[in-house]
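Structure, as structure tokens:
The values are calculated or read from the model by the stated rules, or taken from the named source; none is laboratory data. Keep in mind the model is a prediction, meaning the values are calculated, not measured. For neighbour counting, all protein chains shown are included, and Cβ atoms are generated from backbone atoms with ideal geometry for every residue, glycine included.
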Amino acid sequence: MKLTTVQTDAIQELANIGAAHAATTLSTMLGSSVEMSVPALKAIDISELGTYMGEESAAMVAFELQGEIQHGGYIIFYITKESSIRLTNTMLGLTDMNRTMNEMDESALIEVGNIMVSAFLDATAELLGFIMLPSPPALSLDMAHAAMSSLIAQMGDDVNEVLLFSTELICEEHKIDSDIIMLPESKTLEKIVEMMENMMKGI
């Protein structure tokens, strides 16, 4: 899965804009400054996914991309287990970092994921005029590699390689590190790349 320099720049610009909106949303929720960055795109063979995602326990709120292209892939709010506890403690007014996560934590994580992913997709829709809507969220509390592999197995294409682009959202005050990760189906990716290329050519 090879992208030209122009295509890579186009997708990273899309991620920058979407992440900026999501970071602003999280900043408002926490009352703290949230920084964001968009690392280089990664085309990863499925066999190497564990190296990228790691084996640590994490919370992942996954949404199927819907809208103008059905079954467009997935968009995921990813946050490590430790950061999950810090985030929900902040939201629920708690301080114990060693407690077991419960239904209130799960509901809080789903709500945060829903708000942030919606902000991300609203920004990209406004930019592209191409509507991508999130499905109802599904929360997974598992090893990141296992949860991501399960999602990829559900994608419509015969996928051997997956393109990951993530936005790193960091809140230093509460030591919260999270990502928004997009796993587009090939048709969705082609549509996004085409529209971003045309937009950048017109600038």
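In table form, for the structure just shown:
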| quantity | calculated |
| --- | --- |
| Meets criteria (under 18 Å from the mean Cα position of the chain (by Cα), surrounded by 17 or more Cβ atoms within 10 Å (Cβ to Cβ) and either at positive phi or touching a residue at least 12 places away in the same chain (Cβ under 8 Å) (or both)) for ALA138 | no |
| Positions within region 56-76 being at pLDDT 85 or above and in contact with a helix residue (DSSP H, G or I) (Cβ under 9 Å, 6 or more places away or on another chain), in sequence order | ALA58, ALA59, MET60, VAL61, ALA62, PHE63, GLU64, LEU65, TYR74, ILE75, ILE76 |
